[in-house]
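A.B. asks: Next up is a structure, given as structure tokens.
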Amino acid sequence: MALGSLALALWITHDIWADPVNHTIGNNSGDHAFFEWLLGYGSWVVTHGADPFYADVLNNPLGVNLAVNTSITVYALAFAPITMAFGPSVSFVAILTLNLACGAFAWYWLLTRHIAVHPAAAVLAGLFGGFAPGYISHANGHLNWSAAWVAPVLLCRVLTLRTPGRWLRNGLILGVLVAIAFSVAAEGLFFTALACGVFLGTWALHPAGRAEARAALPTLLAALGVAAVTAAALLAYPLWLHFAGPQSFKGTGFRQSVHAEDLLAYVAWPARSLAGAFGMAGDFAPNPTEETSFFGLPLVLVVIGALVLLRRGATPGRRATLTALAVTAGLFTLLSFGPRVKLGNEVTDIPLPYALLGKVPLFDAALPARLALVVTGVVTVVLGLLAHRLIADPPKAWARVAGAAALVLALLPIAPIPLLYAQRAPVPQFITEGTWRRYVADGTALAPLPLTSDDFPDGQRWQAIALADAGRREAFHLPAGYFLGPGGRDEKGRIGAPERPTTVVFGRAAKTGRVPAITNGHRANARADLAYWNVSTVILADQVSGAFYPVNHGAVFETATLLWGPPTRVQDVWLWNVA
């Protein structure tokens, strides 16, 4: 199972592995560059003793609060040796591959060790759980949400909390895992905790589970107390930064009504699947990284039918489990639809229960569509139980054939296909060979053009390479950048730093190809912006990648020349000394 999961993950990511430095995620090069930067910064933390939760080298002079971002801190630190040896691009694709493979194996482990599912059935369900449409979609650049192993690993430990005499040991282990999960996927940790509460609460209230729940409660509470104290001790500083530290913010910079599941999303097929390869994918997600349900109608019908059929002849305890699974799936499906009904990509005025949660702390920073990944976990368990029934407790021959055929028809269309990739601009030799050190004074900022943002992520990727070089005494600082920070509408977060005049000028030139009529006012704004950012050097590489559209290189070059005069040619960049 482990080798098979790894082989499938390598196949899905093989186009990125073919050239990690120059190949990027085709649907999401911006997030790809952001996570590479986080991995480069992790190396900097290890070699220079920097704060792992607050970076002062990005968004100069304010810095970036990484505790409130998707900072994958544990990954960044654990993979620092690989990042320093082979570069952040290799670490990125290695983590992405292992996320998917470990997710499948973790679900297999949960089903065989804690739910007593037949190994063959667990293989089928585990492969679905690790390579489900939602995780393949998030594999388009998200090292946090592609970590499909987080939920099953936490669930394994939660299910051991009631073991008599082991409350201290089990509580300590769970507390450490909670701290790790927070650093990898805080939103996923929150959703997993909610799902555990709903499932276990429903199961405990079922007549068949009450006596067992009462007997286990003292040990469970003692273990949870130890886990809470352990996690709180490990996360005290990052939690303070997250909620009250500098550059923190409330809520989210994304509209929850948009980042919610469409009513048609659950019965649609995903883009990176066999069905999608044949042109049958549904276009009901805000972007290619958020196809978080997309089970297809056949699988939805199979799961509903399985929940009904598995109850027939089931023991009271198994009926309690099936009821808890159904309630959890139903509730999280409803919540994933967000604050208002969304149908055919049109947000209606029909309110839904999530509208009552949208301003509640933690919920206000979550994206409702991602709650569908909880439903993915329920579907994984139901598939395991159904396949187990067909294998270990076989019905009549015709029923077994019908059940197997139903599984094939439901799962084959959503079988994953490799991720899309795109070619990105090479990293300038000016950066890779360390030439920048002769032109950027220690502690000052280097400004790549266009200014680094989610639209133009190359500068952040270049800085990641500089940070990963452990032999350097100092790394250049970078103005602006791609991250989540304060300054959004309604005092919520926003993507990147609030725009300054020079950011806008170069952004428009890069996008439209039109060179603005530069005035003395533009030059004065540029001087003020460069002084604010503490920029000593501005560069324009021969090739620059745009995350969403091509960069009009000539317009950017001419705009910079009008602002600061003719540049100097240094290796493969144009350089303006503005100190």
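A.B. asks: For segment 73-85, name all the residues that are free of Cβ contacts under 8 Å to residues at least 60 places away in the same chain and farther than 12 Å from GLU36 by Cβ. First the steps, then the outcome.
C.D. replies: Narrowing segment 73-85 to residues free of Cβ contacts under 8 Å to residues at least 60 places away in the same chain: 76-82, 85.
Matches in segment 73-85: LEU77, ALA78, ALA80, PRO81, ILE82, ALA85.
A.B. asks: Tally up the residues in segment 16-46 that are open to solvent by 40 Å² or more (accessible area, probe 1.4 Å) and part of a helix (DSSP H, G or I), please.
C.D. replies: Final tally of qualifying residues: 2.
A.B. asks: Something else about it: Enumerate the pairs (first residue in segment 52-65 and touching a residue at least 24 places away in the same chain (Cβ under 8 Å) and hydroxyl-bearing (Ser, Thr, Tyr); second residue anywhere and open to solvent by less than 40 Å² (accessible area, probe 1.4 Å) and in a strand (DSSP E or B)) with beta-carbon separation below 8 Å, excluding pairs fewer than 6 apart on the same chain, so at least 6 apart or on different chains.
C.D. replies: Sorted first by the residue in segment 52-65, then by its partner, the pairs are TYR54/VAL64; TYR54/ASN65.
A.B. asks: Go over the candidates ALA268, ALA233 one by one and state the one that is modelled with pLDDT of 95 or more and under 30 Å from PHE53 (Cα atoms).
C.D. replies: Answer to the check: ALA233.
A.B. asks: Let me ask you something else. If I go through segment 436-471 residue by residue, how many of them are among the charged types (D, E, K, R), open to solvent by 20 Å² or more (accessible area, probe 1.4 Å) and modelled with pLDDT of 85 or more? Show your work before the answer.
C.D. replies: Taking segment 436-471 as the starting set, the residues that turn out to be among the charged types (D, E, K, R) are 437-438, 442, 454-455, 458, 461, 469.
Remaining after also requiring open to solvent by 20 Å² or more (accessible area, probe 1.4 Å): 437-438, 442, 454-455, 469.
Those still in the list that are modelled with pLDDT of 85 or more too: 437-438, 454-455, 469.
Count: 5.
A.B. asks: From the list ALA560, ALA531, ALA541, which residue is surrounded by fewer than 19 Cβ atoms within 10 Å (Cβ to Cβ) and either modelled with pLDDT under 95 or aliphatic (A, V, I, L, M) (or both)?
C.D. replies: On the way: ALA560 fails: surrounded by fewer than 19 Cβ atoms within 10 Å (Cβ to Cβ); ALA541 fails: surrounded by fewer than 19 Cβ atoms within 10 Å (Cβ to Cβ).
Being surrounded by fewer than 19 Cβ atoms within 10 Å (Cβ to Cβ) and either modelled with pLDDT under 95 or aliphatic (A, V, I, L, M) (or both) holds for just one of ALA560, ALA531, ALA541, which is ALA531.
A.B. asks: So, one more: Just checking, does segment 240-258 include any residue being touching a Pro at 6+ places or on another chain (Cβ under 9 Å), buried (at least 17 other Cβ atoms within 10 Å of the Cβ) and at pLDDT 95 or above?
C.D. replies: no
A.B. asks: Can you tell me how many residues within segment 27-62 are in contact with a strand residue (DSSP E or B) (Cβ under 6 Å, 6 or more places away or on another chain) and of a type outside the set (Ser, Thr, Tyr)?
C.D. replies: Residues that pass the stated criteria total 5.
A.B. asks: Taking only segment 47-80 into account, find how many residues are outside any loop (DSSP other than H, G, I, E, B), open to solvent by 20 Å² or more (accessible area, probe 1.4 Å) and at pLDDT 95 or above.
C.D. replies: Of the residues in that region, 5 qualify.
A.B. asks: Let me ask something else about it. Just one of (1) under 34 Å from the mean Cα position of the chain (by Cα); (2) small (Gly, Ala, Ser); (3) crowded, with 18+ Cβ neighbours inside 10 Å trips up ALA404, so point out which.
C.D. replies: Failing condition for ALA404: (3).
A.B. asks: Would you check which residues across segment 197-226 are in contact (Cβ under 8 Å) with a residue 24 or more places away in the chain and within 29 Å of GLY493 (Cβ to Cβ) and list them?
C.D. replies: Answer for segment 197-226, where residues must be in contact (Cβ under 8 Å) with a residue 24 or more places away in the chain and within 29 Å of GLY493 (Cβ to Cβ): just VAL198.
A.B. asks: Considering only residues that are open to solvent by 20 Å² or more (accessible area, probe 1.4 Å), under 18 Å from ALA204 (Cβ atoms) and not in a loop (DSSP other than H, G, I, E, B), which ones fall in segment 294-328?
C.D. replies: Residues satisfying the conditions are PRO316, GLY317, ARG318, ARG319, THR321, THR323, ALA326, VAL327.
A.B. asks: Also, quick follow-up: Does GLY26 count as touching a Phe, Trp or Tyr at 6+ places or on another chain (Cβ under 6 Å) and of a type in the set (Gly, Ala, Ser)?
C.D. replies: Numbers: touching a Phe, Trp or Tyr at 6+ places or on another chain (Cβ under 6 Å): yes; of a type in the set (Gly, Ala, Ser): yes.
Yes.
A.B. asks: Do we have any residue at all in segment 229-237 that's under 23 Å from the mean Cα position of the chain (by Cα) and either open to solvent by 70 Å² or more (accessible area, probe 1.4 Å) or among the charged types (D, E, K, R) (or both)?
C.D. replies: Yes - at least one qualifying residue is present in segment 229-237.
A.B. asks: Something else: Residue pairs, Cβ under 8 Å, 6 or more apart or interchain, first in segment 557-579 and more than 18 Å from ASN534 (Cβ to Cβ) and free of Cβ contacts under 8 Å to residues at least 40 places away in the same chain, second open to solvent by 60 Å² or more (accessible area, probe 1.4 Å) and among the hydroxyl-bearing types (Ser, Thr, Tyr). List them.
C.D. replies: TRP574/THR568
A.B. asks: Could you please let me know if VAL515 is among the β-branched types (Val, Ile, Thr) and either over 30 Å from LYS250 (Cα atoms) or open to solvent by 50 Å² or more (accessible area, probe 1.4 Å) (or both)? Reasoning before the result, please.
C.D. replies: Values: among the β-branched types (Val, Ile, Thr): yes; either over 30 Å from LYS250 (Cα atoms) or open to solvent by 50 Å² or more (accessible area, probe 1.4 Å) (or both): yes.
Taking the combined requirement at face value, the residue satisfies it.
A.B. asks: Out of curiosity, is LEU174 in a helix (DSSP H, G or I) and crowded, with 22+ Cβ neighbours inside 10 Å?
C.D. replies: It is true that LEU174 is in a helix (DSSP H, G or I) and crowded, with 22+ Cβ neighbours inside 10 Å.
A.B. asks: Would you point out the residue of segment 472-512, among those that are outside any loop (DSSP other than H, G, I, E, B) and of a type in the set (Asp, Glu), that is surrounded by the most Cβ atoms within 10 Å (Cβ to Cβ)?
C.D. replies: First, the residues of segment 472-512 that are outside any loop (DSSP other than H, G, I, E, B): 477-479, 484-485, 489-492, 494-495, 501-512.
Right, trim to of a type in the set (Asp, Glu) and you get 490-491.
Values: ASP490: 6, GLU491: 10.
Checked segment 472-512; the qualifying residue surrounded by the most Cβ atoms within 10 Å (Cβ to Cβ) is GLU491.
A.B. asks: Sort out which residues of segment 158-178 are closer than 17 Å to CYS196 by Cα and under 23 Å from the mean Cα position of the chain (by Cα), and write them in order of number.
C.D. replies: Listed by number, the residues that qualify are LEU174, GLY175, LEU177, VAL178.
A.B. asks: For the condition in contact (Cβ under 8 Å) with a residue 12 or more places away in the chain, of a type outside the set (Val, Ile, Thr) and under 24 Å from ALA116 (Cβ atoms), what is the one hit in GLY317, GLY338? Spell out the reasoning first.
C.D. replies: Working: GLY338 fails: under 24 Å from ALA116 (Cβ atoms).
Every option except GLY317 fails the conditions.
A.B. asks: Give just the number: which of (1) of a type outside the set (D, E, K, R); (2) over 17 Å from the mean Cα position of the chain (by Cα); (3) open to solvent by less than 40 Å² (accessible area, probe 1.4 Å) does ALA9 not satisfy?
C.D. replies: Here ALA9 clears every test but (2).
A.B. asks: Can you confirm whether THR83 is under 28 Å from ASP442 (Cβ atoms), open to solvent by 20 Å² or more (accessible area, probe 1.4 Å) and among the polar types (S, T, N, Q)? Lay out the reasoning, then the answer.
C.D. replies: Working: under 28 Å from ASP442 (Cβ atoms): yes; open to solvent by 20 Å² or more (accessible area, probe 1.4 Å): no; among the polar types (S, T, N, Q): yes.
So THR83 does not fit the description; no.
A.B. asks: Also: Is it the case that ALA122 is modelled with pLDDT of 95 or more and not in a helix (DSSP H, G or I)?
C.D. replies: Working: modelled with pLDDT of 95 or more: yes; not in a helix (DSSP H, G or I): no.
No.
A.B. asks: Moving to a separate point now. In segment 539-579, what count of residues is obtained for those that are over 15 Å from ALA509 (Cα atoms) and assigned to a helix (DSSP H, G or I)?
C.D. replies: 1
A.B. asks: Hey, ILE465 hits all of (1) farther than 23 Å from TYR54 by Cα; (2) among the β-branched types (Val, Ile, Thr); (3) within 32 Å of the chain's Cα centre (by Cα) but one; which does it fall short on?
C.D. replies: So the condition that ILE465 fails would be (1).
A.B. asks: What tally of residues in segment 1-21 results from selecting those that are closer than 14 Å to ASN140 by Cα and of a type in the set (Ser, Thr, Tyr)?
C.D. replies: Looking only at that region, the number is 1.
A.B. asks: Let me ask something else. If LEU419 passes every condition in (1) out of contact with any Gly (no Cβ under 8 Å at 6 or more places or on another chain); (2) open to solvent by less than 10 Å² (accessible area, probe 1.4 Å) but one, which one does it miss?
C.D. replies: (1)
The values are calculated or read from the model by the stated rules, or taken from the named source; none is laboratory data. Just so we're clear, the structure is a prediction, and the values are computed from it rather than from any experiment. Positions of Cβ are backbone-derived with ideal geometry, glycine not excepted, and every protein chain shown enters the neighbour counts. Surface accessibility is based on the protein's heavy atoms, side chains included, excluding ligands, DNA and RNA. Shrake-Rupley method; radii C 1.70, N 1.55, O 1.52, S 1.80 Å.
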